[in-house]
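Report on the following structure.
We did not get these values from a lab; they are worked out from the coordinates using the rules stated. Keep in mind the model is a prediction, meaning the values are calculated, not measured. Heads up, the Cβs are rebuilt from the backbone with ideal geometry, glycines too, and the neighbour counts pull from every protein chain shown.
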Amino acid sequence: MGEKLAILDSGAQYGKVIDRRIRELNVESELLPLNTSSEKLKEYKAIIIPGGPESVYDENAPEFNPELFNLGIPILGICYGMHLINYTAGGQIKTKDIREDGQEYISVDISSKLFKGLSKTEKVLLTHGDSVEFVADGFELTAESDGIVAAIENEEKKIYGIQFHPEVDLTENGKQVFHNFLYNIAGFSGDYTMENREEIAIKYLKERVGDKKVLVLVSGGVDSTVLITLLNKALGPDRIYAIHIDNGYMRLNESQKVKKALEEQGLDLTVIEAQEDFYSATTIINGKETKPLRETTAPEEKRKIIGDTFMRVAEKAMRDLNLDWSEVYLAQGTLRPDLIESASALASGKADIIKTHHNDTELVRELRKKGRIIEPLKDYHKDEVRVLGSMLGLPDELVWRQPFPGPGLAVRILCADAPYITDDFDSINEKLKDFNTSNIFATLLPVRTVGVQGDGRSYSYLAALYGEKDWEELFRIAKEIPKKIHSINRIVYLFGDDIKEPVKEITETYPTEDVIKQLQQADDIVNNVLFEYDLMKKLSQVPVLSFPVNFGIPNARSIGIRTIVTKDFMTGYVARPGIDIPESALDKIVAKISTQVKPKVAKVAYDLAPKPPSTIEWE
């Protein structure tokens, strides 16, 4: 038996985060299919079964090896993994009326080896709809969350199941849980240490590229900046073609800033003005041609059009440079979370598609199959990329820039040609009254955003709170709503006057130049205030959004502000006014957007929803 741990892929959005956490604890881990043979599994000292988007009762539940739990190998099941353990042992799993999607407190039996060194009450991340209804014979209950089973174990067989996610930062002592499993239960020696990742990346680039050249599409964000710096060190500037494509959805004056920043690093950058190419672009989805991007409302269609258009513009740029794919590689700053959320086979063959990233469209996957794409950062998370950037000598102002999506502001504009009002709109709005207090009130908005609930993609209603700025109470209510009303996955706080009537009107909105210019102004205000208050490092990501709810002002749109504090960029919590972000900074942002942005903004909203149940971006 080797000193390796197997992570069996059941479609977990956090599968690669588990892999990273295990390696941080000096244990080698590998991702394998859930139905891996017994013969293969015997090569491993322990097994972890992560979460996944399916139910154990579903017809399309991932196949598993029925001998898995009789091999005598220590097993830790997380979320779906716990359900599978309990179900196969004769226990019962049930979909309950109340979901758990966010940070919760659980009661823990600290006599369990798995929970050694923990407190009787622990703060963890829960994200599930299914729960253990009856614990299987031979297993004991070792943790609870408001009467819901949070952990079970069979100490004799060394099989443990937990409902929460120890791999993410929102589980405060998750690393200790992993340590207990690896060392106190499975008996690892901890002799596996990571090699220097910079050296690995440079060696990979030299071997993969050989004597050919590389084309890099530079967005100006942290990932592509680190990528081109790494390429420059590995290959030298003469073999790199660096191109920045202005797709028309950049931040205010972004292209000029990108060019200047890289030139200061000694790197040449060609800027291609391709705004009209993108505005009028279409692509083929499921055998049908889409509408032009400027007429498109669906977030997935926008992402796919933009991703494919990037490739077409890049191909044209190559022809203009007298290059061809047989002589040139395309380098991308793709990260592991990008691939996991896109359900790429590179990361997971089972994961649910949360959103398609522009660097992982079907066209990109075809180029991967042909071996024409290199992605030296594909096993990295955002914080690791920042560390690598610092190792490469990049200054803080580049390494700590606010992350910006490749498709740009196109996916920070919620587009709609009509209000989103389902048959149960009024009844959902009525249910929201249950969350009203004497000074805070809730209302449903006629738009929807992308979220992640129980490892699966949701595309659900946006709800709003208004009234007194009692932030502790606002966050409490925002946490409770998605647990009890599953058709809502995101909640915002609305600044300004109270809402007098149900909100059922929007302004017809597409990703057009007028909407982009309005959002650019708001985004610029937010980033300038963040810089003024020295919040660029403290706040991991601050998307600024346009959404089409007009609140009774004809042709108006509203602006949303999303502040996320995270290390892993797979989960995160919202910056608390007065704690993580000064209230004076937030007030300044709201005042400037309300008075300076043209045309006038209807409302400014502060996103209160953690990830999960919401994604960081709204689309």
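The table for this structure:
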| quantity | calculated |
| --- | --- |
| Qualifying GluC sites (Glu not before Pro) in the stretch 150-235, DSSP loop, other Cβ atoms within 10 Å at most 16 | 155, 156, 172, 195 |
| Expected 222 nm ellipticity per residue - DSSP helices of 4 or more, -39500 (n - 2.57), all of the chain, to 500 | -8500 deg cm²/dmol |
| Length added when fully stretched, residue 436-residue 203, from 0.36 nm per residue minus Cα-Cα | 78.0 nm |
| Mean Cβ neighbour count within 10 Å, used as a protection proxy, ranking 317-323, 438-444, 546-552, 178-184 highest first | 546-552, 178-184, 438-444, 317-323 |
| Cα gyration tensor category, rounded, prolate or oblate, for the stretch 425-607 with a/c compared to 1.5 | rounded |
| For the stretch 400-413, 3J(HN,Hα) per residue [Karplus equation, 6.51 cos²θ - 1.76 cosθ + 1.60, θ = phi - 60°, Hz, x = Gly/Pro] | 9, 4, 4, x, 9, x, x, x, x, 5, 4, 9, 10, 10 |
| Modelled FRET efficiency - R0 51 Å, residue 276 with residue 427, Cβ distances, 0.05 increments | 0.70 |
| Anisotropy class of the stretch 197-404 from Cα gyration tensor, a/c 1.5 cut | rounded |
| Global form of the stretch 14-63, assessed from the alpha-carbon gyration tensor, a/c cut-off 1.5 | oblate |
| Correct option for Cα extents along the principal axes in Å [calculated from the coordinates] among (1) 104, 60, 40; (2) 69, 65, 48; (3) 81, 59, 53 | (2) |
| Spatially proximal lysines relative to residue 260 (Cα-Cα < 26 Å; intrachain offsets below 8 disregarded) | 213, 233, 316, 382, 517, 537, 538 |
| Amide H contacts under 5 Å for residue 245, placed H, 5+ residues apart | 218, 272 |
| Stretch gain in nm, segment residue 94-residue 184, where the contour uses 0.36 nm per residue and the Cα spacing is subtracted | 29.2 nm |
| Extension reserve of the residue 580-residue 141 stretch, reckoned as 0.36 nm per residue once the Cα distance is removed | 154.4 nm |
| DSSP beta bridge pairing in the stretch 197-404, given as percent antiparallel to the nearest 5 | 10 |
| Proximal lysines to residue 123, defined as alpha-carbon separation beneath 18 angstrom and excluding residues fewer than eight positions away on the same chain | 175, 479, 483, 567, 611 |
| DSSP bridge orientation in the stretch 425-607 - percent antiparallel, rounded to nearest 5 | 70 |
| Beta bridge orientation in the stretch 4-185: antiparallel %, DSSP, nearest 5 | 60 |
| All aspartates and glutamates inside 16 Å of residue 113 as judged from Cα atoms, apart from same-chain residues fewer than 8 positions distant | 122, 140, 153, 155, 156 |
